[in-house]
1. Give the Rg (one decimal place) followed by the Dmax (whole number) of the range 1-73, computed from C-alpha coordinates and expressed in Å.
2. Please compute the net charge surrounding ASN61, taking Lys and Arg as +1 and Asp and Glu as -1 over other residues with Cβ under 13 Å from its Cβ.
3. Determine which lysines satisfy two conditions relative to LYS176: a Cα distance under 24 Å, and not lying fewer than 8 residues away in the same chain.
4. Towards the positive end of the charge dipole of the range 91-247, with charges on Cβ (+1 Lys, Arg; -1 Asp, Glu), say which of LEU99, TYR245, PHE222 has the farthest Cα.
5. Counting only heavy atoms of protein chains, what accessible area per residue, in Å², does the range 1-94 have with a probe of 1.4 Å?
6. Nearest 10 degrees, 0 to 90: what angle lies between the long axis of helix 21-42 and the longest principal axis of the chain (Cα atoms)?
7. Could you give the length gained by full extension between LEU103 and GLU142, i.e. 0.36 nm per residue of separation minus their alpha carbon distance, to one decimal place?
8. Taking the 0 to 90 degree range and rounding to the nearest ten, how far is the long axis of helix 181-195 tilted relative to the main principal axis of the chain, both from C-alpha atoms?
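The values are calculated or read from the model by the stated rules, or taken from the named source; none is laboratory data. Computed from a prediction, not measured in an experiment: that's the story for all the values here. Cβ placement follows ideal geometry from the backbone for every residue including glycine, while neighbour counts extend to all protein chains displayed. Heads up: the accessible areas ignore ligands, DNA and RNA and are worked out on the full protein's heavy atoms, side chains in. Shrake-Rupley method; radii C 1.70, N 1.55, O 1.52, S 1.80 Å.
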Amino acid sequence: MDRQFKNTLRDRLGNYLESKKSATLMEVVLIFGVVFLFIQMVAPFFQGSQLAQQLIVWFANVIMIALVCFGQWLRRSNFRDLGLVLPVWSGKTYLKIILWSFLIGIITILSFVLGSVGMSMLMGATAQPDVSNYDYLKDNPEIFVLSLLGVYLVSSFGEELVYRGFLIHRVSLMLKGAKFEKTYAVLISAVIFGLAHYTWGITGMVQTSFMGLILGTFHVRFKNKLIVLILAHAYMDTLLLGSIYLS
């Protein structure tokens, strides 16, 4: 195919994705469907290795990031639309970003705990998230450090880009004109974020849904400034992996 045909095809696909709500829905379903199928097909081959299982999940997140990037490329759209932009350097601005990220991180951790408390009230003392897939971290400092680096990339950054930046933006497009469209978009993204953590069990899904609700709310509040949420998510991931490692 020559360059002109490629550009024409790209523009047609991009315009279709941008103008048709049904196409946006198909894009969302395709991205999450492909990743879910990938995990279901590959994970059974590595049942005996917790580390391999986690690497599969991380690679699935990389696939999601790549598909989101491809959708933006088709639209000839930059990542500013999804909130991925660094503000112009200013000591005061970045101090505010750090302070807000700490505050949001604390609120997010409290929401995570609230989810656990709520599930304990409903299900009893056995209501705990299943994070046994991370047991490979225990007494393994080298893997712990490498895991932190991996989590910062594919979870702290990747999940905020996909579940807050991409998903809230796309759901808002599908609900454009509806009353409380942003509220519904945040709720839907939070539920999907929780379901994506199905390996954590029902308690883990509820906790991560609460977490997604808080992060999504602040995503809208800060007019899509993802950098604040990425930092807040990183604090949460550090605390989670650190607690597992130290246990």
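1. Rg, Dmax (Cα atoms, Å): 16.1, 50.
2. Residues close to ASN61 contribute a combined charge of -3.
3. Cross-link targets: LYS20, LYS21, LYS223, LYS225.
4. Positive-end residue among those listed: PHE222.
5. Per-residue value: 67 Å².
6. Approximately 40 degrees, to the nearest ten.
7. Taking LEU103 through GLU142 to full extension adds about 11.1 nm, to one decimal.
8. 50
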